[in-house]
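Report on one structure; see the data block that follows.
Readers should treat all values here as calculations from the given coordinates under stated rules, not as data from a laboratory. The structure presented is a predicted model; accordingly, all values stated were derived computationally and were not measured. Don't worry about glycine lacking a Cβ; one is built from the backbone with ideal geometry, like all the others, and counts go over all protein chains shown.
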There are 2 protein chains.
Amino acid sequence: MASRRSGPLTHPDQQDIDLSRVMAALSDPVRLGIVSALDGIDRGVPCCSLELPVGKSTASHHFRVLREAGVLLQSDEGTRRMNQVRRADLDARFPGLLDLALAHGREAPVQVR
Amino acid sequence: MASRRSGPLTHPDQQDIDLSRVMAALSDPVRLGIVSALDGIDRGVPCCSLELPVGKSTASHHFRVLREAGVLLQSDEGTRRMNQVRRADLDARFPGLLDLALAHGREAPVQVR
C-alpha cells in the first residue's frame, strides 16, 4: 500500500501538536479504536495487521487524520506502512488526555492480528 | 429567538455525557471560545450577549452541539435563551478535560457583552 503513495509522510513536531486536532481525531470511534489497539506496543505495527470495521480507503483516511494530528507516527518499511502511538509526545504536550480518551471514549472494536 | 423554537431543550444526564461527543464539541474553535467566555459565570447568559465571529444560524448550531454533548445547560427565559457551562458535571465525569481544553485548545475570540 505504502509504495502507491507519493510524497513524504509529514508529522507535526511535539510542540506543534494542536489540541483541537487531537480531540477531533480521538472523537471518532474507529480512530480511537486504532489508538487503543496500538497503545502499549513499543514497535511499529503495519496497517494490514489491524482488523478494522471499515473499508481500505476509509481506513487510510483515519490513519492520515491520526498522523496529521500528531497521534500516530507512520513510516514506510518496504511496501508496509508502520504505525505507532506517539504516547510520549502526547503525554508531554497534554498530560492525561490520552488516558482519559482511552478510559472513557467510545471505541470501535479493533484487533491487532 | 427562543420563542421561535419548538420542542423541549434536551440535555444528557451527567452519567450519559459521552466523551467522544464532548471532544468533538470542544474541538471547534468557535465552540471552545463560547465555553471559555461562559466558564466561571455562575448564572445563565443569553445567546444575544455573546459577540461571536459567525452568523446567527451557525451560532445556533454551535450552541445546540454544545448542549447536546452535555457541555452547556440551556434554558428559555421569556424570549431569551440562557446558557451556562456544566462545569461540575464535566469535572465529575471527565476530570481535567475542560481545563486541558481551555488551557491548550484553539479558541476563536468570543466576548460577553
- Query: Percent relative contact order of the range B:18-77, based on C-alpha pairs within less than 8 angstrom and at least six residues apart?
  - Reply: 47 percent
- Contact order relative to length for chain A, counting C-alpha pairs under 8 Å separated by 6 or more residues, stands in percent at 42 percent
- Query: At what distance in nm do the modelled label points of residue A:42 and residue A:84 sit from each other, each positioned 7 Å from its Cα along Cα→Cβ?
  - Reply: 1.1 nm
- When each copy gets a label point 7 Å from Cα toward the beta-carbon at residue B:61, what are the spacings between them in nm, shortest first? 1.7
- Message: Given the rotation relating B and A, tell me which residue in B puts its Cβ closest to the axis and the distance in Å.
- Response: B:23, 2
- Query: Cβ under 11 Å from residue A:72's Cβ, residue A:72 left aside: what net charge do those residues give with Lys, Arg +1 and Asp, Glu -1?
  - Reply: +3
- Could you state the number of Å between the C-alpha centres of the range B:34-53 and the range A:12-88? 35 Å
- With one decimal in nm and the nearest listed first, the spacings from residue A:77 to its own position in the other copies, using label points 7 Å along Cα-to-Cβ, are 6.1
- Message: Can you list the copy-to-copy distances for residue B:111, using a point 7 angstrom from Cα toward Cβ, in nanometres, shortest first?
- Response: 5.8
